[in-house]
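Read through the structure below, which is laid out as structure tokens, and then see the notes.
The values are calculated or read from the model by the stated rules, or taken from the named source; none is laboratory data. These figures come from a predicted structure and were not determined experimentally. Reconstructed Cβ throughout: ideal geometry from the backbone, glycine too, with neighbour counts over all protein chains shown.
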Amino acid sequence: MTVDLHLHTTYSDGSFSPKQVVDMAKKRGVQAVAITDHDECRGYLEVKDDKDIQILSGIELSADFKGEAHVLGYNIDCTNKALIDHIEEQSVSRIKRAHKMIERFREFGIELTIDEVMQECTGDVLGRPHIADALMKKGVVSSTKEAFTRFLGRYAKCYVPRAKVDIAKAVDIIRGAGGVAVLAHPGIMPGSVWNELSGKLKDYGFWGIEAYHSEHSKGKIRELESFAIASGLFVTCGSDYHGYAKPDVDICGEQAHSRYLIQSLKELGIKCT
Ligand code: AMP
Ligand code: ZN
Ligand code: FE
Ligand code: FE
């Protein structure tokens, strides 16, 4: 049983369309996937009726808890009004933020226009990877990595944070759309933030945590899964595949060997064989 419940597409900052991503997953023998674009869920509607692979609806909401926290939602109604309203608000605020970042570039003598940035963006979720692509096209930098190190990274000179919703609100939006909320990649959160958040997950209404993630070590996965079992939370697995933006990460198709992971996947409605 191979499952990948964390995939990005051109609806946010992934390199490939939902159809291309689903086709790649099928070629790799993955049996169930979820499309989890940043602050966007409509990619699922393009691929949902596939006879050869099980496809779950999904989203990865950007939220705030002592800094940035990502909240995955599964089995959501992608046409839910409150969810769509939230997606549209985020889309507008991302454009405002890009304007602010362009202003910073100007202060450093780099002329970048909103049109140049928009040209790199395939969906409605304008993000730093698109700014990085525009900088590459202009020859300001030669790689995404350089763009983030010199200009766009959290501590770099042109970084502007995004407007984010409180983590409790993110969970409520997902549950309001009929879905379940899962804390994304807890293993890459600063330890102090995880220590503070972990005891509150049940109170916020989280259903599970993404214990299995491409950036978690085997030891981290074991630790997170034990924590989930002890806390009455389920676990999920995902690669966080983006395509070219994260060249080291492939659609992995987690081999679901762990009994608790299989139990959790069944709980999500995945047909485990
Ligand atoms: P944004 O949503 O605009 O804040 O951009 C976040 C996205 O930028 C992440 O999902 C990653 O795809 C990408 N990203 C963040 N940090 C880096 C980095 N250091 N190198 C490459 N990509 C990054
Ligand atoms: Zn991303
Ligand atoms: Fe994330
Ligand atoms: Fe992601």
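Values computed for the structure shown
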read-out: Check on Ser12, of a type outside the set (D, E, K, R), within 25 Å of Val193 (Cα to Cα) and within 13 Å of ligand 4 (Cβ to nearest atom); value: no
read-out: Subset tally (residues that are farther than 12 Å from Gly43 by Cα and not in a loop (DSSP other than H, G, I, E, B)) for the range 56-82; value: 14
read-out: Index of the failed condition, Glu68 passing every other in (1) out of contact with any helix residue (DSSP H, G or I) (no Cβ under 6 Å at 6 or more places or on another chain); (2) under 29 Å from Trp194 (Cα atoms); (3) surrounded by fewer than 20 Cβ atoms within 10 Å (Cβ to Cβ); (4) at pLDDT 95 or above; value: (4)
read-out: Qualifying position, being small (Gly, Ala, Ser) and more than 21 Å from Gly238 (Cα to Cα), among Ser198, Ser192, Ser214; value: Ser192
read-out: In the range 16-39, the residues that are out of contact with any strand residue (DSSP E or B) (no Cβ under 7 Å at 6 or more places or on another chain) and either without any contact (Cβ under 8 Å) to a residue 12 or more places away in the chain or within 16 Å of ligand 3 (Cβ to nearest atom) (or both); value: Gln20, Asp23, Lys27
read-out: Residue selected from the range 226-248 under the condition surrounded by 17 or more Cβ atoms within 10 Å (Cβ to Cβ) and of a type in the set (Val, Ile, Thr), by the criterion farthest from the chain's Cα centre (by Cα); value: Val235
read-out: Considering residues of the range 217-247 that are assigned to a loop (DSSP other than H, G, I, E, B) and among the hydrophobic types (A, V, I, L, M, F, W, C) only, the residue farthest from His38 (Cα to Cα); value: Leu233
read-out: Residue that is farthest from His86 (Cα to Cα) [pool: residues in the range 196-210 that are of a type outside the set (D, E, K, R) and over 18 Å from the mean Cα position of the chain (by Cα)]; value: Gly199
read-out: Some residue of the range 74-96 being within 16 Å of ligand 3 (Cβ to nearest atom), modelled with pLDDT of 95 or more and within 11 Å of the chain's Cα centre (by Cα); value: no
read-out: Pair list, Cβ under 7 Å, 6 or more apart: the range 66-83 residue of a type outside the set (Phe, Trp, Tyr), other residue within 12 Å of ligand 4 (Cβ to nearest atom) and part of a loop (DSSP other than H, G, I, E, B); value: His70/Ala184; His70/His185; Val71/Ala184; Leu72/Thr36; Leu72/Ala184
read-out: Boolean, Phe206 is at pLDDT 95 or above and assigned to a loop (DSSP other than H, G, I, E, B); value: yes
read-out: Residue selected from the range 1-52 under the condition under 20 Å from His257 (Cβ atoms) and surrounded by fewer than 17 Cβ atoms within 10 Å (Cβ to Cβ), by the criterion nearest to ligand 1 (Cβ to nearest atom); value: Arg28
read-out: Selection count where residues are more than 16 Å from ligand 1 (Cβ to nearest atom) and of a type outside the set (Gly, Ala, Ser), scope the range 234-258; value: 8
read-out: Residues (of a type in the set (Phe, Trp, Tyr), out of contact with any Asp or Glu (no Cβ under 6 Å at 6 or more places or on another chain) and within 16 Å of ligand 3 (Cβ to nearest atom)) located in the range 176-222; value: Trp194, Phe206
